[in-house]
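S.K.: Once you've had a glance at the structure underneath, I'll fire off some questions.
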Ligand SMILES: Nc1nc2c(c(=O)[nH]1)N[C@H]1C(S)=C(S)[C@@H](COP(=O)(O)OP(=O)(O)OC[C@H]3O[C@@H](n4cnc5c(=O)[nH]c(N)nc54)[C@H](O)[C@@H]3O)O[C@H]1N2
Ligand SMILES: Nc1nc2c(c(=O)[nH]1)N[C@H]1C(S)=C(S)[C@@H](COP(=O)(O)OP(=O)(O)OC[C@H]3O[C@@H](n4cnc5c(=O)[nH]c(N)nc54)[C@H](O)[C@@H]3O)O[C@H]1N2
Ligand SMILES: [Mo]
């Protein structure tokens, strides 16, 4: 989130689209209810199903799964055509005025630079026209035909209310009503907050769904505002911490990039990752990248990392094709993987195309699972009749099961969706032989290190040179790891201007501004610098004082970066420094610096300067045109799901689905067509269960005992299905059997001249645990992922339904 949970209470409009917060985030959803009850906010829901969130909404309308870009682009067009945007904000704080290169082009569904062979874009033309100093050319009058504003207007002009309704199946009057709700927040003293999660991310166009919404927030002037922002309601309790710590396969800590195999030396790598400013005088904070990177290498390799050996650059792995989980299982399915350590992950249940996952695991020599529970993955080789029809005698994979603790059995920090690092203390000791995850990983590491020392081996340096100064090397305590993530001074850190000592050798750092690129500081994760200072563990703070009333509670826990609660908060005031809305004053200028109800996210430039508020961008501006980040285009475009009920894209039949999505040849061939699989399948969760864990708990199993699927009344009648019937739901990859719930909550939609029905499939069952044995929903889902994040398309695929 750019904002945080409590801040949702400040919104005038809460739009729940691409998620079901009342069901999946029932505790955090209180802040949406707080906005509604105490702030007079309206709550609106746009979802293929009438959900528990919809049941408390002021307005609900349906949408066909996988079509939000068309819907939201229609909203952009409405706001522009009806002059419902914050013009001053758009001109001063977004890249609307910047001029795009002449060779940029969009035609019949494709942007310039596409290579059909590699399914990738050359993004060279998706850039600004630069002057001879390397700065973007600008037309402050917005007249230039190639300024971002005019290109945007042209791009979204196709998304008229008729087109939106035709693609999304949302009634036109309902669509216009949503536009009106959103447009009301374009005034300076009103904000909208969009609450989203998987209904937007689990699509082959997931990242662009979110981008389209972010563009709406820029037009409305809602970024940087209390009650505004872009707010992902994240899933597992510490999944924000997972991405912060760089656990995605192409990341390093603090959103730095893992080197790729084209970056043979550190200079090439740093140059590629250290942006040059694109407008004069901008903060361009990523220009500090070398300080973050070298400090991380010092945390990894300590004294072994020196300027002479490029801080150990050669010891980092270099990726060539991107080892996301889809790619990894694809390699496994081709027999290219020997062993797999699977920690806190149940891919047989949670990954797409379960039969492909089973076939892949069957090709391993060994599998290690680290989990407090018995999972379908650790028992993937067992035969469970129709639910898992395998022949154990044909599977040679050796399986090792290592029992682990869970979060309640250890100390540590959890990063919530609002970027707060909150320290917690263990509630109980682990049962039986369970060890905590750190102890298991450290145990494997130290034993491997001994083997390398004794026997030698290929590429020993990364293992032998790793710093491991923990009190008990086989079991580092969370406090030690947290202090290492924050970082410390390895030599006295001096003020470059005055030469005064800022931090004494050996002391914890209190800010990432103290990081150096000369090896005198270490920090495992630069954005966590400030979480464990000389004053101690900031994450354990528990002062809930809220002097501004905006809910920022600066003394409660600690938020990255630098305890800042609302990112880009300089944009909450106009260029002269006057808050757009006095009730939402976040920062003020005291004559020397910015401060107030939040930690200022800005330079020290005085009001009225030309420094843009979006300090992480080299142009300092919010991007309506994304120059180098997105895989499939600088503007969002509607593409159909890979399994589309239409069989075409009404906007451009030549380019049906995302041309840059993550998909492999065999899986493309395994896509079903609407003639055999006429209905849209979509999968989701229920409050009463947490994924595949709670089927092990009797009370949850009693609350929701058995796999069911939801079928709209109209379709059920036409198929002769009644409440409680057992039905078979099949896709081109397999089938499940479940009880039918016939419901008014799922409507039949009129889309491009066709009737489209949706089948709702909750995900929580399997054949381990105490709940009734059931099929795994992911038997049905396609093996295809988003072009940027590789998140699988779990929310829109094709199925058939029959009574059995
Ligand atoms: N009780 C409980 N809570 C949980 C979890 C759990 O298992 N149990 N899991 C946690 C995790 S890991 C996560 S990631 C979050 C997920 O949180 P959510 O994303 O809120 O959960 P889902 O149930 O997947 O809901 C997605 C909603 O999006 C709708 N939808 C599907 N496709 C589309 C579309 O194309 N457009 C739009 N506008 N809507 C669409 C679905 O109908 C559904 O209502 O929940 C977390 N919270
Ligand atoms: N069709 C479909 N598939 C989906 C989704 C969907 O909406 N539709 N949602 C997707 C999403 S958002 C997610 S997040 C994934 C979740 O997928 P998974 O992460 O695979 O599923 P979980 O059951 O949440 O957790 C995996 C295991 O972690 C174990 N565990 C819990 N605590 C600890 C711990 O402290 N240490 C260790 N080592 N293990 C622990 C649990 O016992 C569990 O067996 O599913 C995805 N799959
Ligand atoms: Mo998730």
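S.K.: Determine the distance separating the Cα centre of region 647-722 from the Cα centre of region 248-312; give it in Å without decimals.
M.R.: 41
S.K.: Sticking with this one: Once the convex hull of the C-alpha atoms of region 416-456 is built, how many Å³ does it hold per residue, rounded to a whole number?
M.R.: 123
S.K.: Can you give me the relative contact order of region 662-803 as a percent, contacts being Cα pairs under 8 Å and 6 or more apart?
M.R.: 37
S.K.: Packing-wise, with mean Cβ within 10 Å as the measure, how do 191-202, 328-339, 488-499, 355-366 rank, highest first?
M.R.: Result, highest mean first: 191-202, 355-366, 328-339, 488-499.
S.K.: Please provide three numbers in whole Å: the alpha-carbon extents of region 428-484 along the principal axes, with the largest listed first.
M.R.: 41, 28, 15
S.K.: Calculate the tail of P(r) for the chain: the fraction of all Cα-Cα distances greater than 34 Å, expressed in %.
M.R.: 52
S.K.: Can you list, bin by bin at 10 Å, the percent of alpha carbon pairs in region 146-304, starting at 0?
M.R.: 8, 22, 32, 24, 11, 3, 0
S.K.: Report the Cα centroid-to-centroid distance between region 1-40 and region 365-399 in angstrom, as an integer.
M.R.: 41
S.K.: How big, on average over all directions, is the shadow cast by the Cα convex hull of region 600-751, in nm²?
M.R.: Quarter of the Cα hull surface area: 16.0 nm².
S.K.: Divide, for region 575-628, the radius of gyration over alpha carbons by 2.2 N^0.38 Å, where N is the residue count.
M.R.: It is 1.23.
S.K.: In Å, what is the Rg of the alpha-carbon atoms in region 662-803, and how long is Dmax?
M.R.: Expressed in Å, the Cα Rg and Dmax of region 662-803 come to 15.5, 47.
S.K.: From the C-alpha gyration tensor of region 304-368, pull out the three semi-axes of the equivalent ellipsoid (sqrt of 5λ each), sorted largest to smallest, in whole Å.
M.R.: They are 31, 12, 11 Å, listed from largest to smallest.
S.K.: Moving on. Over all alpha-carbon pairs of region 50-107, lay out the pair-distance distribution in 10 Å bins, whole %, shortest bin first.
M.R.: Whole-percent P(r) values from 0 Å outward: 16, 28, 34, 16, 5.
S.K.: Hey, rough spin-label estimate for residue 58 and residue 276, points 7 angstrom out along Cα→Cβ, what's it come to in nanometres?
M.R.: With each label point 7 Å from Cα toward Cβ, the separation is 5.0 nm.
S.K.: Also, I was wondering about something else. What translational diffusion coefficient, in µm²/s and rounded to a whole number, does the Stokes-Einstein relation yield for region 50-169 at 25 °C and a viscosity of 0.890 mPa s, taking the hydrodynamic radius as the Kirkwood radius over Cα pairs?
M.R.: 145
S.K.: Relative contact order of the chain: what whole-number percent is it, with Cα pairs under 8 angstrom and at least 6 residues apart?
M.R.: 16
S.K.: Using a 10 Å cut-off on Cβ atoms, rank the peptides 220-231, 241-252, 422-433, 6-17 from the highest mean neighbour count down.
M.R.: 220-231, 6-17, 241-252, 422-433
No lab work stands behind these numbers, since they all come straight from the coordinates. Since the structure is predicted, the reported quantities are computational estimates derived from the model, not experimental observations. Every residue, glycine among them, receives a Cβ derived from its backbone with ideal geometry; neighbour counts consider all protein chains shown.
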